[in-house]
Amino acid sequence: MNTQERARIKETVQTLIEPRSRVFHVSLALASLAVILAFASVGASLALASLAVLLAFASIGTSLLASRQPHLLRLVAIPLLGLAGVVALLAGLWTLIGGTEASAVLPFGLPWLHWQVRLDPLAGVFLVLIGLVTGAVSLYGLDYVRHFENGRESLAALGGFSGLFVVGMLLVVLADDAFLFMVAWELMSLSSYFLVAFQHEHAANRRAAFLYLLMAHFGGLAILLGFGVLAAFGGGFDFDAMRTAQLTPLWAGVAFGLTFLGFGLKAGLVPFHAWLPEAHPVAPSHISALMSGVMLKVAVYGFIRLVLDLNGELHWSWGVILITVGSLSALVGVLFALIQTDLKRLLAYSSIENLGIVFIALGLTLLFASTGHPNLAALALVAALYHALNHALFKSLLFLGAGAILHSTHERDLEQMGGLLRRMPWTGSFFLIGCLSISALPPFNGFVSEWLIFQSALQAWNLESGVLRSLVPIASAVLALTGALVAATFVKVYGIAFLGQARSRHVRRARPSPKGMWAGQGVLAVLCVLFGMLPTQILSLLDSVAAQLLGTGVPQADASGWLWLTPISAETASYSAPLTILLLALIAGAAIWWFKRHASWRVRRCDPWDCGFTPPTPRMQSSAASFAQPIRRVFALLFVIDEALEQSADGITRYRLRVADRAWGWLYLPMARAVDASSQQVARLQSGNVRIYLGWTLATLFVLLWIIA
């Protein structure tokens, strides 16, 4: 530790103990004591979860002082947030390993409606997810936030809203009543809005943040109405009362539709996806990792909780809807990702594709569960949860890698990159692991979860309906096509960004990212490998969720021991990740041995023959746009393409390409026009006459009295 760091720590301690900050710390201590006492009578797992929430609150309180002492954010607030993630991870693992449940009633909320919390296996899975990503992101953020310390942005806002964001996600997972759930949901949405608008001096960022806030509140309203239907039949706002509700088929369908609309909009499913590639790229990179890796999965959690846990009897048509929308989202998401040249925007579209895959698996769960095949439904549910965990890991890794590139090169455009592997070897290596994982190549984690989804889809022959037996193979074909397009997308990303020659001065001068940044990436990269190497152990943890929600698990998964994964039976299909790794290592070792022994005498070192051409330049390399050109031509109907050659005043001809999303013209722009038109009609009521205003108030009062009566 150098002299400057010692001086900063001393100054920090003096700031924390000075009289002007004592009031704040005393109030924070009293609030913490109240929460601790509220959780004093609960089990260890829920106590750990409450400690995670308290640590996140402590991170918020420390961040408020960062406006005066910028280094507080890096030295205290972010480590506290990372510790909150570690504690949440431990709480989730404790619950999954023990298979226990714990609940408590908190002395908060309304006098007649106290907040209730509950930690069960389903909540435990998502606590593990939140904890893993939050811990790695905090490790990454220790060095990433340095370049904000000398800028104009508010570090107090960055740290405070980051802590509120994590608190909101933790409380959504822990909530056991609709009131606390919606408070936590809005806290998560509002805090992430301020993080999206963090660099608000750019008009595009303000526009993206407003669009995100608008869609978040629209989705929140749909979720609130869905809770209203369940509460009306259950006679209460707590989840236990909703579980006992006897809904008619009509109202069960209404509740499902509202739930799917609200959570599907938050998850970025097509056609409500256009906000996601606008909002996620403009947030700070470690926040983008949290939004794409964690926040979208909180929407998955909410959907599973309301549909599989609270909504009662299931219907096969719900599964058809999920499979259809999920397949469309997966295909559209990957096609838009393939044609992007902005790296963070590409990763955002890829999240739409992966959430589509998760909802395909959830659709299979509903389809099998509603037609009397609980074991197959359990397999599909476990596959959905496994892919949600895997996507959280590799998508967070890729966003952190994109943030490291942006930090070192100040570039997000793939057309300006190239040759980064030589300049950023650690980031390049970890990013490669993320690309292989998201492309579902063995032995990485993405392969296992997608393989499990295919295994559950291949059991469609058990369904009695011929229409359903035809629908599932079509969805499987779309999923296979999506997998091929994902591989092409990330071959493009890695080849254009990390291989070849640098295409711009910024990239040629790039330096390796700080150790803290690649350490955060390294943690996620190692987890991607471990989740691919140990699938039977992961499935044994996820099996308790299937047993909780469906009454049965996947008992055959580890029937052949820890070495073999057999989701249906050993005769049907099996997979061994350790043996796959051993086989690949033997092949690689044999190739290296052969090359060293036999190839050296055949190699003659000399100047290469260049066929009479000049040495290659960066302009001669394939570009990101040219790589995707064949796919863009084939699927041109999905895009609004503006392509032309422009000749500038200096006589240079330039190629211009703009690709827009048709969803803007089909959905978002008509909605905007309708809102503008209705606003103009409402404005006509503003006549300026007090008597008219009193008349409208009286009429509103009569209508409300009539509704209540």
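Every read-out reported here was derived from the displayed coordinates using simple, explicitly stated rules and does not represent laboratory data. Bear in mind that the values here come from a model prediction, so they are computed numbers and not experimental data. Quick reminder, even Gly has a Cβ in these numbers, built from the backbone with ideal geometry, and neighbours come from all protein chains shown.
Along its three principal axes, how long is the chain when you only count alpha carbons? Whole Å, largest extent first please.
93, 67, 56
Could you sort out which of LYS395/LYS596; LYS266/LYS344; LYS515/LYS596; LYS395/LYS492 sit more than 28 Å apart by Cα distance in this structure? Walk me through the numbers before you get to the answer.
Details: LYS395/LYS596 37 Å; LYS266/LYS344 19 Å; LYS515/LYS596 34 Å; LYS395/LYS492 17 Å.
Too far apart for the 28 Å limit: LYS395/LYS596; LYS515/LYS596.
Can you pull out the trypsin sites (Lys or Arg not before Pro) in the range 60-138 that DSSP calls coil and that have at most 12 other Cβ atoms within 10 Å?
ARG68
How would the range 314-592 be classified by its alpha-carbon gyration tensor: rounded, prolate or oblate, with rounded meaning a/c under 1.5 and the a/b versus b/c comparison settling the rest?
Prolate, since a/c reaches 1.5 and a/b exceeds b/c.
Among SER626, SER288, what is the fewest-to-most ranking by other Cβ atoms within 10 Å?
SER626, SER288
Per DSSP H run of n ≥ 4, the term is -39500 (n - 2.57); total these for the chain, divide by its residue number, and report the mean residue ellipticity at 222 nm rounded to 500 deg cm²/dmol.
Values: 27 runs with 468 residues, N = 709.
It lands at -22000 deg cm²/dmol.
Based on other C-beta atoms within 10 Å, arrange GLU646, GLU186, GLU278 from fewest to most. Don't skip to the end; give the middle numbers.
Working: GLU646 9, GLU186 16, GLU278 21.
Least crowded to most crowded, the residues run GLU646, GLU186, GLU278.
Between PHE210 and LEU225, what is 0.36 nm times their sequence separation minus the Cα-Cα distance? Round to one decimal in nm.
3.1 nm
Take each of the peptides 526-533, 350-357, 394-401, 230-237, average the number of other beta-carbon atoms within 10 Å over its residues, and list them starting from the highest.
On the way: 526-533: 20.1, 350-357: 27.9, 394-401: 31.1, 230-237: 17.9.
Put in order of decreasing packing, that is 394-401, 350-357, 526-533, 230-237.
Measuring from centroid to centroid over Cα atoms, what is the spacing of the range 389-466 and the range 468-510 in Å?
The range 389-466 and the range 468-510 have Cα centres separated by 9 Å.
Within the chain, what percent of beta bridges assigned by DSSP are antiparallel, to the nearest 5? Don't skip to the answer; put the middle values down first.
Values: 20 of 20 bridges.
So the antiparallel bridges in the chain amount to around 100 percent.
Please rank TYR386, TYR693, TYR575, fewest neighbouring Cβ atoms within 10 Å first, as an exposure proxy.
Numbers: TYR386 27, TYR693 13, TYR575 19.
Going from least to most buried by this count: TYR693, TYR575, TYR386.
Can you tell me which of 410-421, 576-587 comes out highest on packing, and rank the rest after it, using the mean Cβ neighbours within 10 Å?
The peptides rank, most packed first, as 410-421, 576-587.
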